[in-house]
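The next block holds one structure in the form of structure tokens; read it before the comments.
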Amino acid sequence: MSPTQRDISEEIAREHEAYAHAGSVQHHPDRGYAPYRSSLLRHPKQPLVAVQDPEAVELSGPAFGVTDVTELDSDLTRRHAGEPLGERIVVTGRVLDRAGRPVRGQLVEIWQANASGRYAHQRDQHPAPLDPNFTGAGRCLTDDRGGYRFTTVKPGAYPWRNHTNAWRPAHIHFSLFGTAFTQRLVTQMYFPGDPLLAYDPILQSVTDDAARARLVADYDHDLSVPERSLGYHWDIVLDGPAATWIEEGR
Ligand SMILES: [Fe+2]
């Protein structure tokens with residue numbers, strides 16, 4: 001029988017208690033975090049195999065150049081003939097290293113559900129409407145201050161089948177490319193005040209309270225554009241004690 005939200009919430013509470021008592025600092029979620037059921041099935045069970053020539057992967061891996069990324073790529077509301085439905089927002093922040101120095105020229109990619117909580121992807125078949133004017137993918141390069149900026153719509157919450165009546169809080173997936181595909185980091189940004197944050201085993205797999213709080217953007221009224229959009233601010237720190245937690249570890 002599928003576990004209930006109450007079952008999952010109790011498991012989450014036990015995991016957080018165990019982390020608090022362990023007294024050691026973690027820097028990424030457990031690969032096999034039980035409340036997030038499918039994480040147990042996904043990760044390698046054997047130690048990773050060291051490759052002889054790590055650079056060989058670059059010959060067949062994805063690559064990009066500055067000329068590939070255009071201004072239009074960072075505005076997810078202007079990718080189709082019409083305007084997407086939903087609450088228009090700007091999401092902006094800086095990519096920083098452990099010393100707070102800007103990480104320039106970094107490829108930042110995002111993907112997200114539409115305002116109804118539906119991905120434009122064939123695997124997402126839940127009964128929420130698709131938006132013909134919203135695909136939900138964008139990218140940009142960080143500027144000299146390490147800054148990135150996207151215009152999009154606020155994604156909706158969506159159901160998933162981790163347990164009975166499981167709902168993901170609104171979130172935007174982020175990828176940072178690094179200087180080679182093997183350095184790519186992937187994480188998720190959340191929205192402040194979302195009542196679903198406490199119920200989500202993916203966010204809660206970040207067992208450190210402060211690290212979890214760092215995955216939630218700040219609402220910033222100064223970023224709002226009159227008659228047009230609201231704004232959120234979210235910085236990404238690549239390593240060090242204030243690092244942004246990422247999926248799969250570094
Ligand atoms: Fe998602």
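The values are calculated or read from the model by the stated rules, or taken from the named source; none is laboratory data. If you're wondering where the values come from, they're calculated on a predicted model, not measured in any experiment. With ideal geometry, Cβ positions are generated from the backbone for all residues, glycine too; neighbour counts draw on all protein chains shown.
Quick notes on this one:
- Flag for Arg94 being closer than 26 Å to Ser205 by Cβ, away from the ligand (no atom under 14 Å from the Cβ) and in contact with a Gly (Cβ under 9 Å, 6 or more places away or on another chain): yes
- A count restricted to region 153-203 and to residues that are polar (S, T, N, Q) and touching a helix residue (DSSP H, G or I) at 6+ places or on another chain (Cβ under 8 Å) stands at 5.
- Subset of region 193-213 [surrounded by fewer than 18 Cβ atoms within 10 Å (Cβ to Cβ), of a type outside the set (Gly, Ala, Ser) and not in a helix (DSSP H, G or I)]: Asp194, Pro195, Leu196, Asp208
- Looking only at residues in region 29-44 that are under 19 Å from the mean Cα position of the chain (by Cα) and exposed (fewer than 12 other Cβ atoms within 10 Å of the Cβ), the one that is nearest to Pro3 (Cα to Cα) is Ser38.
- Of the set (1) farther than 21 Å from Ser175 by Cβ; (2) over 17 Å from the mean Cα position of the chain (by Cα), all apply to Ala115 but (2).
- Residues within region 140-155 that are away from the ligand (no atom under 15 Å from the Cβ) and either aliphatic (A, V, I, L, M) or buried (at least 20 other Cβ atoms within 10 Å of the Cβ) (or both), tallied: 6
- Within region 225-246, not a single residue is over 18 Å from Ile172 (Cβ atoms), without any contact (Cβ under 8 Å) to a residue 60 or more places away in the chain and part of a helix (DSSP H, G or I).
- Given (1) within 16 Å of the ligand (Cβ to nearest atom); (2) among the hydrophobic types (A, V, I, L, M, F, W, C); (3) surrounded by 17 or more Cβ atoms within 10 Å (Cβ to Cβ), number of the condition Ala120 does not satisfy: (3)
- Hits in region 156-176 - residues which are in contact (Cβ under 8 Å) with a residue 60 or more places away in the chain, within 16 Å of the ligand (Cβ to nearest atom) and in a strand (DSSP E or B): Ala166, Ile172, His173, Phe174, Ser175
- Residue that is modelled with the lowest pLDDT, among those in region 65-92 that are over 21 Å from the mean Cα position of the chain (by Cα), part of a loop (DSSP other than H, G, I, E, B) and more than 19 Å from Ala113 (Cβ to Cβ): Gly65
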